[in-house]
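The values are calculated or read from the model by the stated rules, or taken from the named source; none is laboratory data. These numbers were taken from a predicted model, which means no experiment stands behind them. In this analysis, Cβ positions are derived from the backbone assuming ideal geometry, glycine residues included, and neighbour counts consider all displayed protein chains.
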Amino acid sequence: MYKKMVLRARAKINLGLTVLGRRQDGYHDLVSVMQEVSLCDTLVIEPDAGSGWRFNCSAEELGGPENLVSRAASALELIAGRALPAARITLYKNIPVESGLGGGSSDAAAALKGLNRFWGLGIPDRELSEIGATLGSDVPFCLRGGTALAEGRGEKVTSLPALPFHWVVLLLPAAIRCSTSEIYSALKREQFGKPSLDHLLQAVKNGDMAALKRWMARGDTNTLEQAVLPRAKAVAALKHNLQILNLNPALSGSGSALFFLSDSYWLARNAAFALQAEGNRAYLCWTVTGAKECLHD
Ligand code: C5P
């Protein structure tokens, strides 16, 4: 009954992100169009001897109780309120950490979905999303995937029509990590509310790729860039270079990852190789629609 499961935990990008203002609870209200991409971590859940669950991560420093996978398992254990079949949970990291690509949130979402099934808890999607929101603002989106509008602090998610297939190049200048809370708190009041996402939303709803291209070309698709670029000069320089090449780069989340979309495999691949040769980390991936499935169970 309790069979081994192998799950993909995919990264996300923010096609647009507007911070609306600071809240009483220390978070910020935002609106964002989010997109699942193919770059992924892998989560393995398998039966174990004895009792309880144990968690290991391929990146040893991420293997503790603070990892969102551990926190997801603890949350489900608490809700179940009974002894659960022993489980060994292993996370194989691939998505760069603290990069604005939602890796930790996606790991948590995969753990919630996978353990809910592995343990036969039968928790409905809506409740799983509420549990996810207590772990991180992006977890509800990661549970849903595809293309979606996120509101509130990011936890209110509405699916949008799937974006037509695009290649996506993710780029990180070497060894820069951005702390999400530091970036949010560095924002100034006058920076809130910009840009308006109206044009982006219309483009996505209408499947109008020419309008999406115009949106990406505007160069200021994410309020958080205003806090990230002055603090991370290598990200600012890389963005500038990509703009000169007309690749229409944008920051994902609170950075430091930049991304650009392309219809052309060869353009995306050659750009990724050239940027790697210059010492950046570059990942060639693609947009993914919402259906999440197990690789093996
Ligand atoms: O929700 P999550 O744990 O990912 O957020 C990390 C930090 O980012 C929060 O503690 C908060 O400082 C900041 N944040 C915010 N507003 C949001 C999301 C995150 O201020 N909407």
* **Test for residue 111: is it farther than 19 Å from residue 14 by Cβ and either modelled with pLDDT of 95 or more or loosely packed, with under 14 Cβ neighbours inside 10 Å (or both)** => yes
* Of residues in the stretch 63-87 being of a type in the set (S, T, N, Q) and part of a helix (DSSP H, G or I), the one nearest to residue 107 (Cα to Cα) -> 70
* Structure fact -> Output for Cβ contacts, cut-off 6 Å, separation at least six or different chains, first residue modelled with pLDDT of 95 or more in the stretch 176-192, second near the ligand (Cβ under 8 Å from one of its atoms) and of a type outside the set (Val, Ile, Thr), reads 183/254; 184/28
* Structure fact -> Exception for residue 214 within (1) basic (Lys, Arg); (2) farther than 20 Å from residue 173 by Cβ; (3) in contact with a strand residue (DSSP E or B) (Cβ under 9 Å, 6 or more places away or on another chain) falls at (3)
* Examine the stretch 68-87 for a residue that is under 19 Å from the mean Cα position of the chain (by Cα) and away from the ligand (no atom under 16 Å from the Cβ), and state whether such a residue exists. => no
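Residues checked against (1) buried (at least 21 other Cβ atoms within 10 Å of the Cβ); (2) among the aliphatic types (A, V, I, L, M); (3) in contact (Cβ under 8 Å) with a residue 40 or more places away in the chain:
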| residue | (1), (2), (3) |
| --- | --- |
| 33 | yes, yes, yes |
| 36 | yes, no, yes |
| 46 | no, no, yes |
| 52 | no, no, no |
| 58 | no, no, no |
| 67 | yes, no, yes |
| 78 | no, yes, no |
* Kindly provide the set of residues from the stretch 80-108 that are surrounded by fewer than 20 Cβ atoms within 10 Å (Cβ to Cβ) and of a type in the set (A, V, I, L, M, F, W, C), ordered by number. => 80, 83, 84, 86, 97
